[in-house]
Amino acid sequence: MSTTAPDPQTPKRSENPAPSQEKARSIFSDRNFILFLVGQCITTQGLWIQKIAMSWLAWSLTGSAFWTGLIAALNFAPAFFLGPIFGVMADRVDLRRTAMLLNLGQATVSFVLMGLSYAGMMTLPWMIILAASMGILGSAMTPIRLSLVPVIVPREFMSRAVAYAAMNFNISRLVGPAVGGVVIATWGTGAAFMLNAISYLPMVFVISVVTIHQDRAPDAKSRRILAALVDGASYAIHHPMIRSVLALSCFVSLVGTGMIELMPVFAEAVYERGVTGLGMMASAGGIGAVASTFMLSRVKSNAADFQRITIVGAFAAAIGMFGLGWSPWYELAVGLIALTGFGLTAVGVGSQTALQLTVDNKLRGRVMSFWSATSFGGMALGGTMLGAISEAGNIQYTARGSGILILCAACAGLWRLYRIGASGRRSAPSSDAVQ
């Protein structure tokens, strides 16, 4: 008698091979995942090009570390305030239709940025409004995107799908900033915004043709938003793994990734390398991120292993950030940013994968929205806070302080894992006795 229950997420795949055969099948044989990966690759290239353009334009208009950090923060701050609400919606809306509308909305904002740049009408108030608009759309898209991967590939491929999607994102992080620097230096920021606007269109097509196997809680639409949000929050708070992972990712985003948002200040004010230097520094972070996601793709689908990786990543990010605060040479700084990118990505992707492997599917949108709120919200708040601190002092001093704080968080995470392990060992004899 078969012991394998049918997967409710994949009702159309009734002819799946046996588990032993499924394990031997590559994820790249799955048409859904390949389409999604290609669409994401094109879109994220444009996203990183625009990210560099927004940061450089903010610095060019203001010459202020505070305003540069604030503009970067507005791309993520809405995730902190609105992300959980969007997570509730992600658990009840049509994923396909909503993803298409949100991508078209982001393309529209990019076209407006392009028009204002070409017309020479870009001002700081316009940048604030449009960065906030892009941030709201992006915060709505994040729980949708995080909910899409598990429903377009078989569940046994989920950890690899998350890792490869993250690798794809970080390869774009490697290539996009370098391309963006060249585009801005050659044709201006308007061309960068235009490329990003166009890049959303292939993803709209991909979402329209992939097969989505969607599972929703029976009462998802009958419950009020607040009640559904409380359910998700209670689940996250009372689950030890989820609570620990969310706390670490939030803190590291606050004092680590928030610091990375101030790379234009390092490139220009510290090392005097301009926009091409900024592109090289951002690409170095991308190299570290790609190496990190490649490592993560080799890890078994075990949530506890990914939790340990987040702690290792925090130690690496602490070393890189602290060293950046002392580096007198641009070339050394580029290498330290690569190490920091490796560590921050291990924390970000490791925590995301640990959650994806742990969370109840019917609460996925809500719990993953908490992850995006703590990760991106921490990044937004950290970018603004660290920008203000750097405005009043030396940005390299701020980097040193960030490195020390991340090191403390990594030590706290390691201590917590040790306590959990010790508690498990103490409870083992009593379990054996009961048996």
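The values are calculated or read from the model by the stated rules, or taken from the named source; none is laboratory data. Note that the coordinates shown come from a computational prediction; the quantities given were computed from them, not determined experimentally. Ligands, DNA and RNA are stripped out before the accessible areas are found, and what is left, the full protein with its side chains, is counted by its heavy atoms. Shrake-Rupley method; radii C 1.70, N 1.55, O 1.52, S 1.80 Å.
What the table below lists for this structure:
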{"item": "Rounded, prolate or oblate (a/c below 1.5 giving rounded, otherwise prolate when a/b exceeds b/c) for the range 253-387 by Cα gyration tensor", "result": "prolate"}
{"item": "The range 102-115 - phi-based ³J(HN,Hα) in whole Hz, Karplus 6.51/-1.76/1.60, Gly and Pro as x", "result": "5, 5, 5, x, 5, 4, 4, 4, 5, 5, 5, 4, 4, x"}
{"item": "3J(HN,Hα) from dihedral phi, the range 313-330, Karplus parametrisation 6.51/-1.76/1.60, rounded to Hz, x for glycine, proline", "result": "x, 5, 4, 4, 5, 4, 5, x, 5, 5, x, 4, x, 10, 5, x, 10, 4"}
{"item": "In sequence order, calculated HN-Hα J values of the range 118-130 (Karplus, 6.51, -1.76, 1.60; Hz; x Gly/Pro)", "result": "5, 7, x, 9, 5, 10, 4, x, 4, 4, 5, 4, 6"}
{"item": "The range 105-144 shape via C-alpha gyration tensor axes, a/c threshold 1.5", "result": "oblate"}
{"item": "Mean projected area (nm²) of the alpha-carbon convex hull when the range 222-274 is viewed from all directions", "result": "5.9 nm²"}
{"item": "Three-way shape label, the range 95-196, alpha-carbon gyration tensor, a/c 1.5", "result": "oblate"}
{"item": "The range 65-196, accessible surface, carbon-and-sulfur percent (1.4 angstrom probe)", "result": "75 percent"}
{"item": "D91 accessible area, assembled protein chains, probe 1.4 Å, Å²", "result": "10 Å²"}
